Amino acid sequence: MQQWIDYCLTKPGTTLTYPFDHHTPVMKVGSKMFALFGQHEGKPSASLKCDPFRAQSLREQFEEVVPGYHLNKKHWNTVVLTGTLGEQEISTLIDHSYELVYKSLTRAEKELIHAAI
């Protein structure tokens, strides 16, 4: 799981927070969450924002992609990180989540991120 946290931290404007407890890393871009790391049925997982149509398609294709645990199931998937999804697929899903959330930021938040680069 640490490799995915580190991967998220390479994205502009990303911060690592622990808003829920000391064991649940949450990645934010600006003020909004784009990845939540934890456990799903005892296995490491990442909950990631996803386009609703794509989210449903991924759930149908991969057994380790399930509706977001404790999140809006239309827009979030929980991805078990020990299944058949390879590193390229997981990084693509993280990228997609980051991009969706980044697009939803205010202009002011986007400007702060670009100013810090």
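Values for this structure:
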read-out	value
Number of the condition not met by VAL29 [criteria: (1) in contact with a Lys or Arg (Cβ under 7 Å, 6 or more places away or on another chain); (2) hydrophobic (A, V, I, L, M, F, W, C); (3) surrounded by fewer than 18 Cβ atoms within 10 Å (Cβ to Cβ)]	(3)
Pairs with Cβ under 8 Å, 6+ apart, first in the stretch 1-24 and without any contact (Cβ under 8 Å) to a residue 60 or more places away in the chain, second open to solvent by 100 Å² or more (accessible area, probe 1.4 Å)	THR24/TYR18
Counted residues, the stretch 32-42 - those being over 14 Å from the mean Cα position of the chain (by Cα) and either at pLDDT 95 or above or of a type in the set (Phe, Trp, Tyr) (or both)	0
Helices (runs of 4 or more DSSP H) wholly inside the stretch 44-117 containing at least 2 residues that are at pLDDT below 95, among the small types (Gly, Ala, Ser) and in contact with a helix residue (DSSP H, G or I) (Cβ under 7 Å, 6 or more places away or on another chain)	none
Residues satisfying the stated conditions in the stretch 1-38, i.e. among the polar types (S, T, N, Q) and either part of a loop (DSSP other than H, G, I, E, B) or touching a strand residue (DSSP E or B) at 6+ places or on another chain (Cβ under 6 Å) (or both)	THR10, THR14, THR15, THR17, THR24, SER31
Tabulated pairs, the stretch 55-75, first charged (D, E, K, R), second in a helix (DSSP H, G or I) and open to solvent by less than 30 Å² (accessible area, probe 1.4 Å), C-beta under 9 angstrom, 6+ apart or interchain	LYS73/ALA55; LYS74/ALA55
Residue check, VAL65 within 15 Å of GLN2 (Cα to Cα), surrounded by 14 or more Cβ atoms within 10 Å (Cβ to Cβ) and not polar (S, T, N, Q)	no
Residues of the stretch 74-117 satisfying the condition of being open to solvent by 80 Å² or more (accessible area, probe 1.4 Å) and within 22 Å of MET1 (Cβ to Cβ)	THR82, THR84, GLU87, GLN88, GLU89, GLU99
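The values are calculated or read from the model by the stated rules, or taken from the named source; none is laboratory data. Nothing here was measured: the structure is a model prediction, and the numbers come from that model. Every residue, glycine as well, gets a Cβ built from its backbone with ideal geometry; the counts of neighbours run over all protein chains shown. Quick note on the areas: whole protein, heavy atoms, side chains included, nothing else; ligands and nucleic acids left out. Shrake-Rupley method; radii C 1.70, N 1.55, O 1.52, S 1.80 Å.
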